[in-house]
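The values are calculated or read from the model by the stated rules, or taken from the named source; none is laboratory data. Every value quoted in this text rests on a predicted model; they were computed, and no experiment measured them. All Cβ positions, glycine included, derive from the backbone under ideal geometry; neighbour counts span all protein chains shown.
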Amino acid sequence: MAKRFLILPVVAIGLTAMLLAPSTAAANVTLDTVLVGDPGNAADPATGYGAVAKPFRISTYEVTIAQYVDFLNAVAAVPANDVIAGLYKEEMADLEGQEDPGSLIIRSGAGTKADPYVYKASRSAAWPNAAQRPIAWVTWFDAARFANWMHNGSRRGGTETGAYTLVDFQESGVAERNAKARFWIPSEDEWYKAAYYDPTKAGANKYWNFPTRSDKPPRSALVSDAALAPAANFQSVYTGSDAGVLTPVGSYAGSTSHYGTFDQSWGPGITPLSKTVRRDYGPMGGAPFYADDDAGFRLAGLAQP
């Protein structure tokens, strides 16, 4: 059964309500989650991934543009430094119209107390609910700071401690998940299990080849016919001046994983959707770090929050 995590974020430290226009106030952010049970499952014999000892929850959908906008308005209206300002990437605005996902977030203001940054989801003629598309252009450390913000909630709302302890506004190296984390970036085994594992699948191997409850490659279409392979967003299904490659989360209603997650399968081509393909960029990836139009994220959380 789906369950929601509720967070009551606060505005950035040092700001007062008088300094913020109403549009900059962060709204309550919820994450719809599903329970990934069946603890102690065996790993996929084809890849060695997917074994998880304990039950956990994982986001039903990827973090959306709207949720990331609330995060930015809460913690980066007056950034403490370049690291926090860097939670927003210029590519998110796509002012020159060169990026596949199109424009996601527009930033205005100067980032000062007198004129704080204001972040708004971009509009799209193709998608009236454009803010419900997945956020892209995020690094591992951006996602870790979002997890910290969710972990801290209305009590602190900070970005540097909580699920992860990021020393001196860390943006490289390795940061381990803290033992008492309420939200975190799922491990590869956790993500893999949520995407491919199905204890009800016939046969000895309980893992599907694709994260759409199918051993057949999915079709690049928005609708899914039960008589055919499920559909998924890949190969730039919705390219165009406004549509980009991102569809609103949950659009592929007939293509969930066994546990009920959506969209563990959007990408630029069919190959990365297969469970046998591993794209190993690491937390920082290339130089200076990996952030691209196909880099979104979802969070995991406690089975009993």
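Some observations on this one:
- Any hit, region 83-98, residues being over 18 Å from the mean Cα position of the chain (by Cα), at positive phi and of a type in the set (Gly, Ala, Ser): yes
- Of all the residues in region 285-305, those that are at pLDDT below 75, surrounded by fewer than 16 Cβ atoms within 10 Å (Cβ to Cβ) and of a type outside the set (A, V, I, L, M) number 3.
- Test: residue in region 195-207 that is part of a strand (DSSP E or B), within 19 Å of ALA80 (Cβ to Cβ), among the hydroxyl-bearing types (Ser, Thr, Tyr) and modelled with pLDDT of 95 or more: no
- Test: residue in region 34-47 that is of a type outside the set (S, T, N, Q), buried (at least 23 other Cβ atoms within 10 Å of the Cβ) and not in a loop (DSSP other than H, G, I, E, B): yes
- For region 37-82, the tally of residues that are closer than 24 Å to SER172 by Cβ and more than 19 Å from the chain's Cα centre (by Cα) stands at 4.
- Region 71-102, residues that are assigned to a helix (DSSP H, G or I) and crowded, with 23+ Cβ neighbours inside 10 Å: PHE71, LEU72, ASN73, ALA74, VAL75, MET92
- Residue check, THR24 of a type in the set (S, T, N, Q) and at pLDDT below 55: yes
- Test: ALA163 is in contact with a Lys or Arg (Cβ under 9 Å, 6 or more places away or on another chain), within 15 Å of ILE185 (Cα to Cα) and modelled with pLDDT of 95 or more: yes
- Output for region 239-270, where each listed residue is modelled with pLDDT under 80 and among the polar types (S, T, N, Q): THR239, SER241
- Counted residues, region 110-157 - those being without any contact (Cβ under 8 Å) to a residue 12 or more places away in the chain and of a type in the set (Gly, Ala, Ser): 1
- Index of the failed condition, ALA126 passing every other in (1) in a loop (DSSP other than H, G, I, E, B); (2) among the aliphatic types (A, V, I, L, M); (3) out of contact with any Gly (no Cβ under 8 Å at 6 or more places or on another chain): (3)
- Residue satisfying all of: in region 103-117; among the small types (Gly, Ala, Ser) and in a loop (DSSP other than H, G, I, E, B); farthest from ALA143 (Cα to Cα) among these: ALA114
- Residue ID - farthest from ALA46 (Cα to Cα), chosen from residues in region 175-219 that are surrounded by 18 or more Cβ atoms within 10 Å (Cβ to Cβ) and β-branched (Val, Ile, Thr): ILE185
- Residue in region 111-119 that is crowded, with 19+ Cβ neighbours inside 10 Å and touching a helix residue (DSSP H, G or I) at 6+ places or on another chain (Cβ under 7 Å) present: yes
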